[in-house]
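Below is one structure, written out as structure tokens; the observations come after it.
The values are calculated or read from the model by the stated rules, or taken from the named source; none is laboratory data. Predicted model, so just to flag it, every value in this text is computed and none were measured. When we count neighbours, we look across all protein chains shown, and the Cβ atoms used for this are built from the backbone with ideal geometry, even at glycine. Accessible surface is based on the protein model in full, side chains and every heavy atom, while ligands, DNA and RNA are left aside. Shrake-Rupley method; radii C 1.70, N 1.55, O 1.52, S 1.80 Å.
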Amino acid sequence: MHGEPTTLSGNPAGLKARILIPLAVVFTAMLGAFTVGTYWLQLRNIEIDVRETVKQSGESLDMQLNEDADHLAAAIEVLKWDVRYRSAWLARDRTALLDLASPLFNRLRDEHRITHFYFHDLNSVNFLRVHSPERYGDTITRFTLKQAIDTGQPAHGIELGPLGTLALRVVHPWRVNGELVGYLELGEEINHVITRLHDVLDIGLAVLIDKSRLTRERWTSGLALMGREGNWDRFAEMAVIDHSGNVIPERIDEYVNSDPMFLSRSERDIEIQGTTLAIGSLPLLDAGGRLVGRMLVWQDVSRPLTEARTLLGGLAGLCAVALFGLIGAFHVILGAAERRLQATMAQLEAARFDAEAATQAKSRFLANMSHEIRTPMTAIIGFSNALYEEITCCTTCPAHKGCEKRAAAADALVTIQNNGMYLLNVINDILDISKIEAGKMCVEQTRCSPIHAVTDVALIGKARADEKGLRWNVAYDGLIPETIHTDPTRLKQILITLIGNAVKFTKIGSVQLTVRTRDTQARNHAPKMQFEVTDTGIGMTNEQVGRLFQAFTQADASTTRRFGGTGLGLVISRKLAALLGGDITVRSEPGKGSTFTLEIATGCLDGIEMLDESGDSGKGPRSTHHQVRRDATPLDCRVLIAEDGPDNQRLISLILTKAGATVAIAENGRLAIDAIDEAHDAGTPFDVVIMDMQMPVMDGYEATNHLRRTGYARPILALTAHAMAEDRQKCLDAGCDSYATKPIDRSQLIEEIQSLLNTAPVA
């Protein structure tokens, strides 16, 4: 039954059993999955950390080698430009060259660990080894020297020497006065890089070289020559030439010796006396890209694994406690479920009531704001228009035409009218955006002529363009349908906004409106019409275009100061375009102008004649404005104006009296009823009643209701400053025959009265 609170039905104990048992199963599964998932995630994080460590060790090795290569290259550059070295080299004086290079080599070895210093001739024959001067005259076949010779550019990389050592080598072509005279080479053993990576990354490292690329005797003698120790027998197929720390963990041998290809696989864990090591490797490529060995990497992961297992145990216990706690809590909660549900329903009802009250308050505020602004605007615009017509009634009279005061007064009246219409447009925009946000904006789909709509807005566009000295043009691109199915009022509203913006933001140049029909033959696309408004104005960046369609926002903060406006026009236009089955898109370039493209649905065009308007595009728009002519048929009728505002009383009386009507005034609804009754009794009834809907004592709604209840059948025209769609319907529901809004449009008011007189029932 309506009005009764909703209650839970059924046995509470049964309800608990039906809920708690499945709930316990679900919670157990969820907590178990959470525990296992958390543990797996911890293991996964450890694995990721190990991979990242291996990857980082490789990146650090490359970075350190590149950094050292830069140092070696810098030292070579100094040598190449030293006149003493040039002279000794060109003279092929080995003794002088050695005397010069030896002190430098000793300093570079002490400060930068440089171990190799060569001078090579153009035929790759070694001329001098500064680090071993007794050895010279042999041909060098290393890749770095060959690459420098082939490319004529500096080359560097690590190379496996004949003695089984890995060295970073840097070779530069040596040119004197632009002529190639030889090659300079510096090198360093990379063992110090391994030590540095161990210290920085806190990992174990070992450099393993493929034995197939070595001979044991030369390798052993090479290590002895360098004063270093290696291990040929540790692994079956790999020789250890360098490693960090004191020892390589023994368990690593089992994996390397039993499966040498392990070094090319992903990371694995091994147990060593209660310690877990994660091991992996990186390929060692020489300067020619050949795989000469691998860098073995290992890291102690015992602590994070222990922490993960501890976390697993803790989570399991915590989940068990949480499970029992949750079941107990739900046991208590379900006992009070009905009361909480009722309380929630009451809160929701209160929230709904508050939301509705807020919506109604917003609507009342907008309605009152509209009324309070439109009422004085009626007098401002109306009287300024009437006065303008009075002082411009005879523009051909020489006395009037040359009167500067009269011209200044006319300009002042135009200013008043323009600013009045600007304020009216602002309130219209606010009402429109409010209706759109409330989902109450409606469009009236009807058959109409797009060409007539374009002609109407073209008159406005031309007038605005002429005021700023801009070129204005309307172009028709292809065939245009004679009629389409849309809302002509909203279509013109959008086009006027787009044209107005184009004119406003264009200082010099032109504004053009281009009209075309699209997809008229496509099977899978409904036909649409496009209206392009193109200007040569200030243009916009992509960032500014992105802010265009936000309410109360313009392209940038300075736009409002420079050009004015609320920033609502484009927001409303795009939403209206969506209601018309289309959209608005923008192309713009700063300093070159913008193109706004409006696209709307046309409805079915089957059987609709397609017109070729291209020949008329340059002739200017054809006027479809319906203006009241001075020789129009006068209003031969009696009109009662029920209006409480003195200014609007005088304005409406002036308009209707000049149109030929006999006018009477009533200041509120009660006086209007009395005046209607008196006129009826006197045999001179009013032909039309203009009823302001918001008046003191008795408003127009109550007065109209009273008249209709008592059998009054003559036309009543509602006049209101409220402009919402629901206000129009409210007036019609009260018994009014038609509806007009403030400010008053003189032509429309007279036409509406004529229409009511023509359709009024015979008394």
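Could you list, in their original order, any pairs among LYS462/LYS658; LYS405/LYS658; LYS468/LYS658; LYS80/LYS146; LYS492/LYS730 whose Cα atoms are separated by more than 29 Å? Don't skip to the end; give the middle numbers.
Details: LYS462/LYS658 31 Å; LYS405/LYS658 26 Å; LYS468/LYS658 35 Å; LYS80/LYS146 19 Å; LYS492/LYS730 26 Å.
Over 29 Å Cα-Cα: LYS462/LYS658; LYS468/LYS658.
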- Item | region 648-709 - Rg (one decimal) and Dmax (whole number), Cα, Å | 11.8, 33
- Note on the structure: The extension gain from THR38 to ALA682, computed as 0.36 nm times the residue separation minus the Cα-Cα distance, is 222.3 nm
- Query: Any idea how far apart ILE508 and GLU589 come out in nm if each label point goes 7 Å out from Cα toward Cβ?
  - Reply: 1.9
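Which order do the peptides 464-471, 193-200 take when ranked by the mean count of other beta-carbon atoms within 10 Å per residue, highest first? Before the final figure, lay out the partial values.
On the way: 464-471: 14.6, 193-200: 16.9.
Those peptides, ordered most packed to least, come out 193-200, 464-471.
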- Over the heavy atoms of GLU159, what accessible area does a 1.4 Å probe trace out, to the nearest 10 Å²? 10
- Query: Which log10 I(q)/I(0) values, to two decimals, does region 114-239 give at q = 0.09 Å⁻¹ under the Debye formula with one point per Cα?
  - Reply: -0.31
- Item | Contour minus Cα-Cα distance for GLU67 and LYS405 (0.36 nm per residue) | 113.2 nm
